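The values are calculated or read from the model by the stated rules, or taken from the named source; none is laboratory data. In this text the structure is predicted, and so the values were computed from the model without any measurement. FYI the Cβ positions are ideal-geometry reconstructions off the backbone, even for glycines, and counts take in every protein chain you see.
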Amino acid sequence: MNKPSRLTFGPAGVPISSPKKDTYNGIVFTYEELGLDGFEIEFVYGVKLKDEEAKEIADYVKRNNIILTAHAPYFVNLNSNEKSKIDKSVQFIFDTARKAWLAGGYSIVFHPGWYMKSTKEEAYERVKEGLKRVINLLKDYSIEIWVRPETMEGLKKFGDLDEVIRLSKELEYVLPCIDFAHLRYRYNNNDISFFRGIMERIEDELGSEALENMHIHMSGIKLDKAGTHVNLKQSDMPWQEIMKILKDFNVKGIVISESPNIEGDAILMKKYYKSL
Ligand SMILES: [Zn+2]
């Protein structure tokens, strides 16, 4: 399995300022014009990239040592009451992983699902079961990529910090995607010690290998019902302190900006991080 040699920053999808909107050109623009060597492909409305384009992307990212990730479709719910929906969810995550791997990606992230009427433990078992099916498929196809459940903001959504850490402990190929804005929202806490505590837990429970291999989402977040993403400077996220914490813990991997100004905040974080 791939391991990154550094911490890099990138946008969640094709930059707003990119004149061409396809994924390949979005990555080229991100690297050559914005000076960012990280990128997340957004398959959030479907895994639509053609194999040919994926292979072109792989050539480009390998040549330029870009760290590439992908986000699975939003429609995933591994705790659905309908078997057909669980099957589709497994397929969505697998398709994301396969395509990202073909494109030279190293890690993918997905939203695990909803508690529905299940207890937390029942939901956990079903999500774990679904994720195992994904991993078995990856093995069948000899695809080596990290598959990451994301920490989710809403209390009705599966994916608190305990759950993603536990899945990471119990399953191969699995590590957390830490979305700091979602955690700020879910636990209603923006103390610096809260964010430091998250990193301490990861180190204690998953080891320093997990810190050296992190997939992070960052943005500002509003405390409205939807948890609307906003730009870092328009939020109460102590983003500079979070950058310092990443530095203190010697974190490697990727930080993806999911702010509305996707590339603006990626550049902001990178510049600040580099200045530390
Ligand atoms: Zn997400």
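Contact map, the stretch 126-137: first residue closer than 14 Å to Phe92 by Cα, second residue part of a helix (DSSP H, G or I) and of a type outside the set (Ser, Thr, Tyr), Cβ cut-off under 6 Å, separation 6 or more or different chains; pairs are Gly130/Ile86; Gly130/Val90; Arg133/Val90; Val134/Val90; Val134/Ile93; Val134/Phe94; Leu137/Phe94.
Quick check on the stretch 61-76. Is at least one of its residues assigned to a loop (DSSP other than H, G, I, E, B), among the basic types (Lys, Arg) and away from the ligand (no atom under 16 Å from the Cβ)? No, because not a single residue in the stretch 61-76 is assigned to a loop (DSSP other than H, G, I, E, B), among the basic types (Lys, Arg) and away from the ligand (no atom under 16 Å from the Cβ). Going by the conditions given, is Gly105 assigned to a loop (DSSP other than H, G, I, E, B) and either buried (at least 17 other Cβ atoms within 10 Å of the Cβ) or on the phi > 0 side of the Ramachandran plot (or both)? For Gly105, the condition - assigned to a loop (DSSP other than H, G, I, E, B) and either buried (at least 17 other Cβ atoms within 10 Å of the Cβ) or on the phi > 0 side of the Ramachandran plot (or both) - is met.
With the requirement that a residue be basic (Lys, Arg) and in contact with a Leu (Cβ under 7 Å, 6 or more places away or on another chain), what does the stretch 124-164 give you? If the condition is that a residue be basic (Lys, Arg) and in contact with a Leu (Cβ under 7 Å, 6 or more places away or on another chain), then Arg126, Lys128, Lys132, Arg148 are the ones that fit. For the residues Ser84, Ser142, the requirement of being out of contact with any helix residue (DSSP H, G or I) (no Cβ under 8 Å at 6 or more places or on another chain), more than 28 Å from Ser219 (Cβ to Cβ) and either outside any helix (DSSP H, G or I) or at pLDDT below 95 (or both) singles out Ser142.
For the stretch 30-52, give me each residue that is more than 16 Å from the ligand (Cβ to nearest atom), under 18 Å from Ile254 (Cα atoms) and of a type in the set (A, V, I, L, M, F, W, C). Those that are more than 16 Å from the ligand (Cβ to nearest atom), under 18 Å from Ile254 (Cα atoms) and of a type in the set (A, V, I, L, M, F, W, C): Leu34, Leu36. Can you find a residue that is modelled with pLDDT of 95 or more, touching a His at 6+ places or on another chain (Cβ under 7 Å), within 16 Å of Phe158 (Cα to Cα) and not aliphatic (A, V, I, L, M) anywhere in the stretch 109-117? No, that holds for no residue. Taken together, Lys156, Lys132 contain a single residue that is more than 20 Å from Gly38 (Cβ to Cβ), away from the ligand (no atom under 16 Å from the Cβ) and more than 16 Å from the chain's Cα centre (by Cα), which is Lys132.
Inclusion of Phe195 among residues that are in contact (Cβ under 8 Å) with a residue 12 or more places away in the chain, more than 21 Å from His71 (Cβ to Cβ) and touching a helix residue (DSSP H, G or I) at 6+ places or on another chain (Cβ under 8 Å) is warranted. Only residues that are over 16 Å from Ile67 (Cβ atoms) and assigned to a strand (DSSP E or B) were counted across the stretch 10-39, and they come to 0. Restricting attention to the stretch 26-45 and to residues that are surrounded by 13 or more Cβ atoms within 10 Å (Cβ to Cβ) and small (Gly, Ala, Ser), the residue that is farthest from the chain's Cα centre (by Cα) turns out to be Gly26. At pLDDT 95 or above, surrounded by 22 or more Cβ atoms within 10 Å (Cβ to Cβ) and over 15 Å from Ala97 (Cα atoms): which single residue out of Asp162, Asp179, Asp191 fits that description? Sole residue among the options that is at pLDDT 95 or above, surrounded by 22 or more Cβ atoms within 10 Å (Cβ to Cβ) and over 15 Å from Ala97 (Cα atoms): Asp179.
Listed by first and then second residue, the pairs linking a residue in the stretch 201-227 that is over 17 Å from Glu263 (Cα atoms) and away from the ligand (no atom under 16 Å from the Cβ) to a residue that is outside any loop (DSSP other than H, G, I, E, B) and acidic (Asp, Glu), with Cβ atoms under 7 Å apart and 6 or more places separating them unless they lie on different chains, are Leu211/Glu203.
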